[in-house]
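The values are calculated or read from the model by the stated rules, or taken from the named source; none is laboratory data. Predicted, not measured: the structure shown is a model, and the values here were computed from it. Quick reminder, even Gly has a Cβ in these numbers, built from the backbone with ideal geometry, and neighbours come from all protein chains shown. For accessibility, only protein heavy atoms count, side chains too; no ligands or nucleic acids. Shrake-Rupley method; radii C 1.70, N 1.55, O 1.52, S 1.80 Å.
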Amino acid sequence: MDFVANASHELRTPLASILGYVETLSDAAGEDPVVRARFLKIVFDEARRMQRLVDDLMSLSRIEAEKFRAPSDTVDLGALVDETHAELAEAHDGRGRDIILEHDPGAIPVLGDRTQLSQLLHNLIGNAMKYGQPGTPVRVAITRENDAVRLVVADQGEGIPPEHLPRLTERFYRVDPGRSRSVGGTGLGLAIVKHIVERHRGRLEITSRVGEGTRVTVVLRPPPAAVAEPLS
């Protein structure tokens with residue numbers, strides 16, 4: 001019931017804003033071109049916010065529906081990170097240019113669902129871009145061990161106080177609600193990451209220091225052949 005109540009609240013807020021501005025536009029305010037343009041932009045932004053929230057809710061529902069079926073496909077995580085980097089290169093006012101990739105050349109295979117791992121990367125790298133200080137590096141590193149592949153996404157931002165860390169993956173939990181909404185956050189990004197990692201039978205760790213930044217580590221499983229044959 002808490003989830004339904006929270007989701008309803010998150011949807012009601014932009015919906016109420018849209019209805020209010022549409023009602024105002026139908027009155028005399030709609031005759032002023034400057035006011036009309038400003039109000040229409042607000043309506044558009046709030047509608048996009050609702051769309052992002054609905055998309056995230058649908059994603060979370062699909063991931064949870066598959067949680068008992070571990071992915072069995074082999075995905076090249078290195079290539080997927082490179083692809084994500086290219087897609088985000090011009091995102092968030094050019095912050096994509098601050099992304100620094102650190103991984104060996106060649107294939108880095110993991111057992112996974114390619115679509116969900118792509119979503120995980122977009123969420124983690126997108127968060128680091130949004131919450132890190134402008135002009136500071138967003139580091140994305142992959143290291144390979146005998147029985148695991150470790151992905152680390154680190155930013156240099158304000159950091160997160162320790163009392164918030166245990167709750168970061170809760171649905172709709174925000175450290176700073178105002179800032180999260182202002183940068184387009186739905187409050188579901190890390191919840192989605194958590195459920196993707198759980199479905200992949202992996203491990204998620206979030207560490208942060210106030211004034212220094214945040215580091216997210218995801219440990220995934222390589223396919224059996226990659227474990228049997230040491231990776232160079």
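Do we have Glu83 as out of contact with any Ser or Thr (no Cβ under 6 Å at 6 or more places or on another chain), closer than 26 Å to Glu10 by Cα and among the acidic types (Asp, Glu) here?
no
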Tally up the residues in segment 116-168 that are in contact with a Ser or Thr (Cβ under 6 Å, 6 or more places away or on another chain), of a type outside the set (Val, Ile, Thr) and part of a loop (DSSP other than H, G, I, E, B), please. 3
Just checking, does segment 187-197 include any residue being open to solvent by less than 70 Å² (accessible area, probe 1.4 Å), more than 18 Å from Ser118 (Cα to Cα) and modelled with pLDDT under 90? yes
Consider segment 204-219. How many of its residues are in contact with a helix residue (DSSP H, G or I) (Cβ under 7 Å, 6 or more places away or on another chain) and either assigned to a loop (DSSP other than H, G, I, E, B) or of a type outside the set (Val, Ile, Thr) (or both)? 2
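Residue under question is Arg12, and the condition is that it be more than 30 Å from Asp113 (Cβ to Cβ) and either at pLDDT below 90 or of a type in the set (Asp, Glu) (or both); does it hold?
Yes: the conditions hold for Arg12.
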Give, as residue ranges, the helices (runs of 4 or more DSSP H) completely inside segment 1-111 that count at least 3 residues that are more than 27 Å from Tyr173 (Cβ to Cβ). 2-25, 33-65, 77-87
Those residues of segment 154-172 which are farther than 25 Å from Ala141 by Cα and open to solvent by less than 50 Å² (accessible area, probe 1.4 Å) amount to Phe172
Can you confirm whether segment 121-139 contains a residue that is aromatic (Phe, Trp, Tyr), touching a residue at least 12 places away in the same chain (Cβ under 8 Å) and touching a strand residue (DSSP E or B) at 6+ places or on another chain (Cβ under 9 Å)? yes
Does Pro14 count as surrounded by 13 or more Cβ atoms within 10 Å (Cβ to Cβ), touching an Asp or Glu at 6+ places or on another chain (Cβ under 7 Å) and over 21 Å from Arg150 (Cβ atoms)? yes
Provide a single number: the residues in segment 137-153 that are of a type in the set (S, T, N, Q) and either surrounded by 18 or more Cβ atoms within 10 Å (Cβ to Cβ) or modelled with pLDDT of 95 or more (or both). 1
Can you find, within segment 154-184, the residue that is nearest to Asp98 (Cα to Cα) among those that are charged (D, E, K, R) and modelled with pLDDT under 70? Arg179
Would a scan of segment 56-65 turn up a residue that is open to solvent by less than 10 Å² (accessible area, probe 1.4 Å) and hydrophobic (A, V, I, L, M, F, W, C)? yes
All positions within segment 70-111 that are charged (D, E, K, R) and either open to solvent by less than 30 Å² (accessible area, probe 1.4 Å) or free of Cβ contacts under 8 Å to residues at least 12 places away in the same chain (or both): Glu90, Arg95, Arg97
